Amino acid sequence: MPTAFPLISGAFSIVTAPSSFPPKPLNSKLNLSHKSKPLILSRRDAAFLFLLSLSTPPSASAIGISGPKDWLKEQKKRASNFLLAPVDASRESLRSAYLLLMESDADYADEDLQKFQELFRSAARDCVPQERNSFVTFQANTGVEVCTFRLIVKNAASLLGNKDPVKLKAEALLDDLIRSFTSVSGLAGETNIQLPSNRRKIADAVVDTISSLDKFEQGIKDCLEI
């Protein structure tokens with residue numbers, strides 16, 4: 001049976017909340033508590049480790065499973081931390097962006113705007129076309145998949161049928177997540193971010209994006225059965 005290998009390209013860019021930011025709960029349902037610095041992992045490293053975990057399986061009788069597909073499923077579960085590492089990193093970048101929006105003084109400096117843009121671009125993982133740099137745009141135009149979240153879905157659901165409801169739900173959650181990122185990008189580009197009230201609107205959109213990211217993560221876990 002052919003083996004489904006992950007397609008991962010480029011490099012992850014992980015930006016975490018500065019340690020000087022004491023995170024604050026947004027509300028009773030969403031807590032942006034600060035975490036320790038997440039693992040810095042390049043897509044190439046993730047690909048290598050994932051491919052290593054999917055090396056030639058032993059005989060099914062030797063490990064007590066029905067066949068290679070079940071073995072691959074177990075290997076995907078074991079490699080889930082690597083597959084979900086970009087999701088964790090994006091969540092941290094969004095939390096940092098939120099704190100930057102809410103904790104800045106009334107006079108929002110250009111450098112604050114630049115930091116927000118960098119954090120948001122890192123969190124979006126090349127899934128918002130207008131946030132891509134020229135090289136990534138060139139790759140996308142040649143047919144290369146550059147959206148990290150879409151690559152994650154392809155990896156996680158590679159053993160599921162095209163009409164499998166779990167896969168379809170993950171794809172729908174992916175679309176919702178990209179729409180959330182696109183909404184924040186549009187607000188940040190069209191709104192006068194110097195005004196505190198406008199920054200609050202963008203911050204609220206960032207919170208919605210974090211919620212979409214959490215749901216997307218659960219959809220990936222459902223595909224992996226973890």
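What net charge is computed for the residues neighbouring Lys169, neighbours being all others with C-beta under 14 Å from the C-beta of Lys169, Lys and Arg scored +1, Asp and Glu -1? Around Lys169, the charge tally is -3. Each residue, Arg179 and Ser211, gets one label point 7 Å from its Cα in the Cβ direction; the gap between the two is 1.3 nm.
Take the range 86-226 with all the other protein chains still there, run a 1.4 Å probe, and you get 46 Å² of accessible area per residue.
Each residue of the range 124-135 was assigned a 3J(HN,Hα) from its phi angle through the Karplus curve 6.51 cos²θ - 1.76 cosθ + 1.60 (θ = phi - 60°); the sequence is 6, 6, 6, 9, 10, x, 6, 9, 7, 7, 4, 5 Hz, with glycine and proline shown as x. Each residue of the range 117-122 was assigned a 3J(HN,Hα) from its phi angle through the Karplus expression (A = 6.51, B = -1.76, C = 1.60, θ = phi - 60°), giving 4, 5, 5, 5, 4, 5 Hz with x at Gly and Pro. Per-residue accessible area (protein heavy atoms, 1.4 Å probe) orders Ile178, Ile152 as Ile178, Ile152, starting from the largest.
The values are calculated or read from the model by the stated rules, or taken from the named source; none is laboratory data. Computed from a prediction, not measured in an experiment: that's the story for all the values here. With ideal geometry, Cβ positions are generated from the backbone for all residues, glycine too; neighbour counts draw on all protein chains shown. Calculation scope for accessible area: heavy atoms of the full protein, side chains included, ligands and nucleic acids excluded. Shrake-Rupley method; radii C 1.70, N 1.55, O 1.52, S 1.80 Å.
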